[in-house]
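Report on the structure given below.
The values are calculated or read from the model by the stated rules, or taken from the named source; none is laboratory data. Predicted model only: the values in this text are computed from it and were never measured. Glycine also receives a Cβ, built like all others from the backbone with ideal geometry; neighbour counts cover every protein chain displayed. In case anyone asks, the SASA skips ligands and DNA or RNA and just uses the protein heavy atoms, side chains included. Shrake-Rupley method; radii C 1.70, N 1.55, O 1.52, S 1.80 Å.
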Amino acid sequence: MYGIIDCDNCYVSCERVFRPDLEGKPVVVLSNNDGCVVARSNEAKALGVKEGTPYFILAEQFGNEKIAVFSSNYELYGDLTGRVVSIIGKEAPAYFRYSIDECFVYLDGMDHLNRWSSENKAELDPALSSRERGRAELNLQRWGEHLHKKIRKWVGMPVSIGLAPNKTLAKIASKLAKKYPDYRHCCIIDCDENRIAALKWLPVDDVWGIGRRYAEKLHALGCQTAYDFAQHHKTWVRQTFNNINIVRTWQELNGEDCVPNEELAKKKSICTSRSFNGMISDKDTLRTHISNYASRCAEKLRRQDTVASIVGVFVSSNPFREDLLQYWKYDEERLITPSSSTISIVQAAGEVLDRIFVQGVQYKRGGVIVMGIAPNNPIQQDLFDVDAEQIQKLSRLDQVVDRLNKCYGSETIVIGAQQYTQPGGKGKADVFSNAMKQDHKSKNPTTRWSDIIKLK
């Protein structure tokens, strides 16, 4: 059996942890630079607030409604979801974090869920179905309900849990647990009867692994639900789509377990990009943004114990401003020795920016992509770039900086290239989090001493 634990309305739930007065009230979270709605509470959804709604339209469309609005606070979201994952890690034999708000668990070998004594096991009727025998031997429903209550009590986050013989069906089960309260936050698909009922309920658009383009094609072929798709023959699926991932999705909908386990999988590339708060034309400000994106890529590499050999940078103008000069450019730099060092990757990104920057362009977006990702041990060094001592110094420096930023809050320590010059060039330089537009940002009481809650 597999399971997936999904945080309900993750960003909104994180904001509500320290704002219990918002329970039952409409809440939305905005994207970077307070652009548009990226997360909504159930109450906001009921009002008709759509995902992707620009912030300035909210007041026009819902002027008579009291909607709590928050800027994205990824430092808070990352810390709270990390606490959820730490609880999951203690309750399951093995787990794999799939995204910021989702975590797969592998439930093989959970003998501690056995509610039957050896005498009772011996009395089990051999004629019992696999469904009945499984329910007799393992009470996974109680395990799921207990895990939900524990996470809710210890962290304050509501979660939905789906359990099934494979990952795709587990994702469907979690959707059912989220949709229907009668499941008590944990839904199990453990037999063909439950599987077929779930597939008939789920639109094919919502199947994990089927994107918008494939969903449109399936609709054109008469497949409206997951069950319609699963009823086709495997040969038809292969010939129609010629895609191994779609075939695997079809197999899993039919009860097979074939999506590879990803507990050791690492990302093949990492990208950090943002739209800027306004237009940028000077190179120094653009370089600071690119340096911050590069720094975040380096942090993600270290987090998964990998290094990168290619650093790519792209910049673009605003495609919606046809009155301005249009420009888009990408280039990359290959590192002689693969690295996860913030200094090395920021330096490489700066060199690429020097090559692609064009004076006179009003830039609206930029980003950094690191590729050629490999394990950080051993690192393949170049014959003419062997400086083991320097590599060790950079590694130790990154370890110290990461530890301090974890203890005292992100961006407590940054390199000079990441700091923004104050208007007029006077005053203390600022950090990336303050340079973004975040007029509705909440505090970080779990990661910053300055934001710790004070009780009167």
Of all residues in segment 145-160, which are part of a helix (DSSP H, G or I), farther than 14 Å from TYR183 by Cα, touching a Pro at 6+ places or on another chain (Cβ under 9 Å) and open to solvent by 10 Å² or more (accessible area, probe 1.4 Å)?
-> ARG152
Within segment 109-129, identify whether any single residue is of a type outside the set (A, V, I, L, M), at pLDDT 85 or above and open to solvent by 40 Å² or more (accessible area, probe 1.4 Å), and answer yes or no.
-> no
Taking segment 177-211 and keeping residues more than 17 Å from ARG248 (Cα to Cα) and basic (Lys, Arg) leaves LYS178, LYS179, ARG184, LYS200
Starting from segment 41-60, take each residue that is without any contact (Cβ under 8 Å) to a residue 12 or more places away in the chain and within 9 Å of PRO26 (Cβ to Cβ) and list its partners that are among the acidic types (Asp, Glu) and not in a loop (DSSP other than H, G, I, E, B), counting only C-beta distances under 7 angstrom and pairs at least six apart or across chains.
-> none
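Restricting to segment 273-316, what's the tally of residues that are part of a helix (DSSP H, G or I), acidic (Asp, Glu) and over 27 Å from the mean Cα position of the chain (by Cα)?
As a first pass, look at segment 273-316 and keep what is part of a helix (DSSP H, G or I): 283-303.
Still in the list and also acidic (Asp, Glu): 284, 299.
Checking which are over 27 Å from the mean Cα position of the chain (by Cα) leaves us with 284.
Matching residues across segment 273-316 total 1.
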Can you give me the number of residues within segment 247-262 that are open to solvent by 40 Å² or more (accessible area, probe 1.4 Å) and not basic (Lys, Arg)?
-> 6
Subset of segment 161-181, residues more than 17 Å from VAL259 (Cα to Cα) and surrounded by fewer than 24 Cβ atoms within 10 Å (Cβ to Cβ), comes to LYS175, LEU176, LYS178, LYS179, TYR180, PRO181
Any residue in segment 5-17 that's within 16 Å of LYS179 (Cβ to Cβ): show its pairings with residues that are among the hydrophobic types (A, V, I, L, M, F, W, C) and assigned to a loop (DSSP other than H, G, I, E, B) at Cβ separation under 7 Å, as long as the two are six or more apart or on different chains.
-> CYS7/MET157
Of the residues in segment 187-221, how many are aromatic (Phe, Trp, Tyr) and part of a helix (DSSP H, G or I)?
-> 2
Quick one: which strands (runs of 3 or more DSSP E) lie wholly within segment 1-102 and hold at least 2 residues that are open to solvent by less than 30 Å² (accessible area, probe 1.4 Å), under 23 Å from HIS146 (Cβ atoms) and among the β-branched types (Val, Ile, Thr)?
-> 2-7
Specify the residue that is surrounded by the fewest Cβ atoms within 10 Å (Cβ to Cβ); the eligible residues are those in segment 317-345 that are out of contact with any strand residue (DSSP E or B) (no Cβ under 9 Å at 6 or more places or on another chain) and assigned to a helix (DSSP H, G or I).
-> ILE343
Matching residues, segment 182-192, being open to solvent by 30 Å² or more (accessible area, probe 1.4 Å) and touching a residue at least 24 places away in the same chain (Cβ under 8 Å) | ARG184, HIS185, ILE188, ASP190, ASP192
For ARG142, state whether it is modelled with pLDDT of 85 or more, of a type outside the set (Phe, Trp, Tyr), open to solvent by less than 60 Å² (accessible area, probe 1.4 Å) and closer than 20 Å to GLY156 by Cα.
-> no
Can you name the residue in segment 220-246 that is crowded, with 18+ Cβ neighbours inside 10 Å and of a type in the set (Val, Ile, Thr) and, of all such residues, is nearest to VAL204 (Cα to Cα)?
-> THR225
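Could you grab me the full set of residues in segment 397-453 that are of a type in the set (D, E, K, R) and modelled with pLDDT of 85 or more?
Selection gives ASP398, ASP402, ARG403, LYS441, LYS443, ASP451.
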Under 29 Å from TYR55 (Cβ atoms), of a type in the set (Ser, Thr, Tyr) and touching a residue at least 24 places away in the same chain (Cβ under 8 Å) - does that describe any residue in segment 304-318?
-> yes
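Considering only residues that are part of a loop (DSSP other than H, G, I, E, B) and in contact with a strand residue (DSSP E or B) (Cβ under 7 Å, 6 or more places away or on another chain), look in segment 360-379 and name the one that is modelled with the lowest pLDDT.
Looking at residues that are part of a loop (DSSP other than H, G, I, E, B) and in contact with a strand residue (DSSP E or B) (Cβ under 7 Å, 6 or more places away or on another chain), I get ILE379.
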List the pairs whose first member sits in segment 202-226 and is polar (S, T, N, Q), whose second member is open to solvent by 60 Å² or more (accessible area, probe 1.4 Å), and whose Cβ atoms are under 6 Å apart, counting only residues at least 6 apart or on separate chains?
-> THR225/LYS200
